[in-house]
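Enquirer: The following block contains the structure, expressed as structure tokens.
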There are 2 protein chains.
Amino acid sequence: MRITIIGSGNVATHLAAAFKNAGHRIVQVYSRDMQHAALLAYHVKADAIDDLKQVDPETDLFVIAVKDDAIATIANQLAGFKKLTVHTSGATDLESLSAIIPQAGVFYPLQTFSKEKEIDFWQVPLCIEGVDETVTTELENLAQTISNRVYRIRSDQRKTLHLAAVFACNFPNYLYDVARTLLANKNMDFELLRPLILETAEKVQDNLPAYVQTGPAVREDELTMANHLKMLDDQPQLKMIYELLSQGIITNKKAGH
Amino acid sequence: MRITIIGSGNVATHLAAAFKNAGHRIVQVYSRDMQHAALLAYHVKADAIDDLKQVDPETDLFVIAVKDDAIATIANQLAGFKKLTVHTSGATDLESLSAIIPQAGVFYPLQTFSKEKEIDFWQVPLCIEGVDETVTTELENLAQTISNRVYRIRSDQRKTLHLAAVFACNFPNYLYDVARTLLANKNMDFELLRPLILETAEKVQDNLPAYVQTGPAVREDELTMANHLKMLDDQPQLKMIYELLSQGIITNKKAGH
């Protein structure tokens, strides 16, 4: 397929590379910043542009991988080409694209991408949605050329998925940082916690989280929880987080989850 | 070394196996429940006992791996043997053991153990403390026969470490379950989130968490956060968790962590 990438951030970069590796042709990479466009374009052997007036109409698919609030603006500028166009956003309706471009879809990779770390794209869940069965099937076929985990997900489901990803990824990462800070205050290195963090994530690869829950809250070990709260006396925000999450664990257990 | 294991839970089981694999001799395994004692004893070729009166005095080390509130009771019954004795608890002072048995120490493995999952003990951080340099060195040498990650950690540090482990392990696991429930309510499978969870933990193996933080809070994407909060309107507890953790991420970012 001939694919045009709009954007040069983490999602654009990892998607473009996956498409290229699968044998698709990346026609152009667009970014407002020519240096960013050029860098990604170089990697995927495409042309770089920083003006949507330079878009090559000889393409089969526009992939809009930009910030959520820029999707509509970009879509308006691409509407005239009447091509298959997708956005890659977890939090944005299909509607907001299909209202502008009829042949619209969503191509949402559910993963946390970083410039620092390579990723095996075959393991990345791709959430697909199209305006109709023809578009959906076409996107599904494309998705299967780069990932083994392709799912049809409706807009309302995808919004929930995006929210769930905040709980499963962004918030745990923040808690890792809380733990790191607690250690640093006592001259201990974050290295001590890394194996524990990895094992916690690995355990739920084969089990449901409620089944492998450990710690004082699930044991209802009131003494340890009281001691922990006392240690957080000078950090009221962390104390509140500790109380709320412990209460959640206890409630879950009582509900027999 | 000749080692006697007091307890038959997850820590006792994994430690006993690691000692046995390293060539140490497990003399006896004690549990109040004879079946539990016998099961572990069978695995590590030791004798099983369910009465501390049957303890074989021909041992070099007692490892007390029982619930925190049972440590003192057990220690009192072992005091007469005057042997090197350690507990394995993150939340318990060395003091509470050394007040009963002078040759006391701590042997705290910082990992989440489960019956379901084998673990590479060489990667498990072992936190060592002894009443004096002789005991500490002896425990350190023993620890190095089963792990590549041996740390000297004082009682006050270990308490902080134990608290930090709740933030780095128990709370993230709970948040995985929150995410699972959100998905289940929209007929989506937890499988969708597993690669994201694993990648989030893998990212911090080489980076500090604050450096790889993603999501709406760190982008200060107010619109997405408002939408997420609206979706949690009927779950006030989750809403509060969302608000607190997002606020924590924003505060961290502003502090330039």
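The values are calculated or read from the model by the stated rules, or taken from the named source; none is laboratory data. Computed from a predicted model, the values in this text were never measured in an experiment. All Cβ positions, even for glycine, are placed from backbone atoms using ideal geometry, and neighbour counts span all protein chains on display.
Enquirer: In region B:161-190, how many are closer than 21 Å to A:Leu161 by Cβ and more than 7 Å from every other protein chain (Cβ to nearest Cβ)?
Expert: 5
Enquirer: Report the residue count in region B:65-88 for those that are modelled with pLDDT under 95 and either touching a Phe, Trp or Tyr at 6+ places or on another chain (Cβ under 7 Å) or crowded, with 22+ Cβ neighbours inside 10 Å (or both).
Expert: Residues in region B:65-88 being modelled with pLDDT under 95 and either touching a Phe, Trp or Tyr at 6+ places or on another chain (Cβ under 7 Å) or crowded, with 22+ Cβ neighbours inside 10 Å (or both): 0 in total.
Condition check ((1) facing chain A (nearest Cβ under 7 Å); (2) of a type in the set (Ser, Thr, Tyr); (3) touching a residue at least 40 places away in the same chain (Cβ under 8 Å)) across all residues:
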{"position": "B:His228", "(1), (2), (3)": "yes, no, no"}
{"position": "B:Leu232", "(1), (2), (3)": "no, no, no"}
{"position": "B:Lys239", "(1), (2), (3)": "no, no, no"}
{"position": "B:Ser246", "(1), (2), (3)": "no, yes, no"}
{"position": "B:Asn252", "(1), (2), (3)": "yes, no, yes"}
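Enquirer: Follow-up question, since we're still on this one. Suppose we filter B:Lys20, B:Lys53 for residues that are outside any strand (DSSP E or B), over 25 Å from B:Val135 (Cβ atoms) and without any contact (Cβ under 8 Å) to a residue 60 or more places away in the chain; which single one remains?
Expert: B:Lys53
Enquirer: Taking the criterion of being more than 15 Å from A:Phe113 (Cα to Cα), assigned to a loop (DSSP other than H, G, I, E, B) and either over 26 Å from the mean Cα position of the chain (by Cα) or without any contact (Cβ under 8 Å) to a residue 24 or more places away in the chain (or both), would at least one residue in region B:210-217 satisfy it?
Expert: yes
Enquirer: The conditions are (1) among the basic types (Lys, Arg); (2) more than 7 Å from chain A (Cβ to nearest Cβ); (3) farther than 30 Å from B:Pro109 by Cα, and B:Arg158 fails exactly one of them. Which is it?
Expert: (3)
Enquirer: Moving to a separate point now. Output the residues belonging to region A:58-95 that are over 21 Å from A:Ala143 (Cβ atoms) and of a type in the set (Ser, Thr, Tyr).
Expert: A:Thr73
Enquirer: Give just the number: which of (1) farther than 28 Å from B:Leu229 by Cβ; (2) within 12 Å of another protein chain (Cβ to nearest Cβ) does A:Gln103 not satisfy?
Expert: Result: A:Gln103 passes all but (2).
Enquirer: Got at least one residue in region B:55-62 being at pLDDT 95 or above and within 18 Å of B:Leu94 (Cα to Cα)?
Expert: Looking for residues that are at pLDDT 95 or above and within 18 Å of B:Leu94 (Cα to Cα), one finds at least one in region B:55-62, hence yes.
Enquirer: What residue, among those in region A:215-247 that are small (Gly, Ala, Ser) and surrounded by 20 or more Cβ atoms within 10 Å (Cβ to Cβ), is nearest to B:Ala164 (Cα to Cα)?
Expert: Only one residue tops the list, namely A:Gly215.
Enquirer: With respect to the numbered conditions (1) in a helix (DSSP H, G or I); (2) more than 7 Å from chain B (Cβ to nearest Cβ); (3) modelled with pLDDT under 95, which one is the sole condition not fulfilled by A:Thr224?
Expert: Among (1) in a helix (DSSP H, G or I); (2) more than 7 Å from chain B (Cβ to nearest Cβ); (3) modelled with pLDDT under 95, A:Thr224 violates only (2).
Enquirer: Could you please let me know if B:Phe113 is within 18 Å of B:Ile146 (Cβ to Cβ), of a type in the set (Phe, Trp, Tyr) and at the interface with chain A (Cβ under 9 Å from one of its Cβ atoms)?
Expert: yes
Enquirer: I need a count of the residues in region B:26-37 that are within 24 Å of the chain's Cα centre (by Cα) and either surrounded by fewer than 16 Cβ atoms within 10 Å (Cβ to Cβ) or assigned to a helix (DSSP H, G or I) (or both).
Expert: Adding up the residues that qualify gives 4.
Enquirer: Quick one: in region B:89-109, of everything that is within 12 Å of B:Ser155 (Cα to Cα) and not small (Gly, Ala, Ser), which residue is nearest to the chain's Cα centre (by Cα)?
Expert: It comes out as B:Tyr108.
Enquirer: Can I ask one more? Does B:Thr145 satisfy the criteria of being more than 7 Å from chain A (Cβ to nearest Cβ), under 30 Å from A:Cys127 (Cα atoms), over 14 Å from the mean Cα position of the chain (by Cα) and of a type in the set (Val, Ile, Thr)?
Expert: no
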